[in-house]
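Each remark here refers to the structure printed beneath this line.
The values are calculated or read from the model by the stated rules, or taken from the named source; none is laboratory data. Only a predicted model underlies this, so the values are computations on that prediction, with no experimental measurement involved. No Cβ is skipped: glycine too gets one built from the backbone with ideal geometry, and neighbour counts run over all protein chains shown. For accessibility, only protein heavy atoms count, side chains too; no ligands or nucleic acids. Shrake-Rupley method; radii C 1.70, N 1.55, O 1.52, S 1.80 Å.
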Amino acid sequence: MKFARPLTVALALAALTLTACAPSASPPAAPLPDPATYRPEGAPVSVPGVGEVGRWMITKDLVPATWLGEKLGGRTPREPVNVLLIDRAAKSPEEATGRLLAAMNAAGYGPKGGHSTGYFGEVGGRLYPMLPTGPGEAFSDDPFFVPNNHGRIFGPVPVENGYVFTGAFSLEGIRLFPRPGHPYRSFQVAREDLADKLNTHTGFRRAGYVDMGSRLDTPTETTGDHDGRAVLLVAGGP
């Protein structure tokens with residue numbers, strides 16, 4: 001028991017330190033295009049029943065997200081869209097958003113603080129801002145000061161017979177020395193864990209995978225263990 005107070009203090013200091021290292025993308029040096037009309041570089045993927053879907057999570061600087069400057073084996077990690085959700089039961093954007101938030105909470109991935117924000121996802125030729133919308137929040141299965149599966153979701157996007165969301169999820173670790181941060185651990189682990197939890201605890205059911213063609217393995221860039229696919233989950237119908 002005599003170690004409880006020092007341990008509590010250490011954890012509190014670690015949490016404060018890690019909060020400071022999870023900012024949104026830095027302000028650009030020059031004015032940016034309007035996100036409502038901007039089209040990210042790189043061809044999107046045509047997904048049946050959904051339309052054109054961008055392969056990457058986009059920062060507020062309107063470039064593909066790269067894990068806030070972290071490196072993976074000396075290379076820059078690029079953050080892929082690896083989750084697609086279709087809600088066939090929702091009748092309005094508000095209902096689709098409400099049903100999604102309820103599902104994420106039921107799956108144990110409710111909004112939690114301590115994360116970077118300001119991201120977009122590309123669907124149907126336009127950028128959609130991220131959910132959740134709270135300051136410093138992402139969907140996560142644990143607090144930010146321990147390793148956690150977390151991500152952002154983009155939409156809702158109206159499609160025939162429903163609404164679609166896209167998402168980018170990953171597992172992050174914890175590093176205090178020599179520089180505090182949240183190093184990359186896995187894209188697949190977070191994708192599969194989220195899909196399993198949604199499939200078990202909500203009306204979203206696994207419906208296969210979509211080849212996004214987004215696996216990178218070059219001398220300068222990588223997508224780590226990402227296999228280039230997004231898991232597809234559907235609620236309210238086939």
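Looking at the chain as a GNM with Cα springs under 10 Å, which of Arg55, Arg179, Arg205 has the largest mean-square fluctuation?
Arg179
Hey, what's the Cα Rg ratio for segment 81-200 versus the globular rule of thumb, 2.2 N^0.38 Å?
1.06
Report, in deg cm²/dmol and to the nearest 500, the calculated mean residue ellipticity at 222 nm for the chain, where each DSSP H run with n ≥ 4 adds -39500 (n - 2.57) and the sum is divided by the residue count. Spell out each step's value before the answer.
Numbers: 3 runs with 45 residues, N = 238.
Rounded to the nearest 500, it is -6000 deg cm²/dmol.
So what does the Cα-only Debye profile of the chain read at q = 0.09 Å⁻¹, as log10 I(q)/I(0), no solvent term?
-0.37
By how many degrees, between 0 and 90 and to the nearest 10, does the Cα long axis of helix 4-20 differ from the longest principal axis of the chain?
50 degrees
Suppose the chain between Lys91 and Thr133 were pulled fully straight at 0.36 nm per residue; how much longer would it get relative to their current alpha carbon spacing?
Residue separation times 0.36 nm, minus the Cα-Cα distance, leaves 13.0 nm.
Counting heavy atoms of the protein chains only and a 1.4 Å probe, report the per residue accessible area for segment 187-238 as a whole number of Å².
Spelled out: the 1.4 Å probe surface of segment 187-238, per residue, equals 46 Å².
Relative to the longest principal axis of the C-alpha atoms of the chain, give the angle of the C-alpha long axis of helix 188-201, reported between 0 and 90° and rounded to the nearest 10°.
That helix lies at roughly 70 degrees to the long axis.
Ignoring ligands, DNA and RNA, what accessible area per residue does segment 57-186 give at 1.4 Å, in Å²?
Per residue, segment 57-186 has an accessible area of 37 Å².
Taking θ = phi - 60°, what integer Hz values does the Karplus form 6.51 cos²θ - 1.76 cosθ + 1.60 yield along segment 145-150, in sequence order, with x for Gly and Pro?
Per-residue couplings from phi come out as 8, 10, x, 8, 7, 8 Hz.
Which is the longest stretch in the chain that no exposed loop site breaks, taking sites as GluC sites (Glu not before Pro) with a DSSP loop state and at most 12 other Cβ atoms within 10 Å?
42-159
Rounded to a whole number, what % of the accessible area of the chain do carbon and sulfur atoms account for, probe 1.4 Å? Please report the intermediate quantities before stating the final value.
Working: 6580 of 11110 Å².
Here carbon and sulfur together make up 59 percent of the probe-accessible area.
State the extension gain, in nm to one decimal, for the chain segment bounded by His201 and Ser46, taking 0.36 nm per residue of separation less the distance between their alpha-carbons.
Fully extending the segment from His201 to Ser46 adds 52.9 nm.
Which translational diffusion coefficient, to the nearest whole µm²/s, is obtained for segment 184-238 from the Stokes-Einstein equation, given a Kirkwood hydrodynamic radius over C-alpha pairs, 10 °C and 1.306 mPa s?
129 µm²/s
Under 5 Å between amide H atoms, partner at least 5 residues away or on a different chain: which partners does Gly110 have, H built in plane at 1.01 Å?
Distant-sequence amide H within range of Gly110: Ser140.
For segment 30-85 and segment 183-238, what is the separation of their Cα centres, given in Å?
15 Å
With r defined as the distance between the Cβ atoms of Asp142 and Asp225 and R0 fixed at 25 Å, what FRET efficiency is calculated, to the nearest 0.05?
Efficiency at R0 = 25 Å is approximately 0.80.
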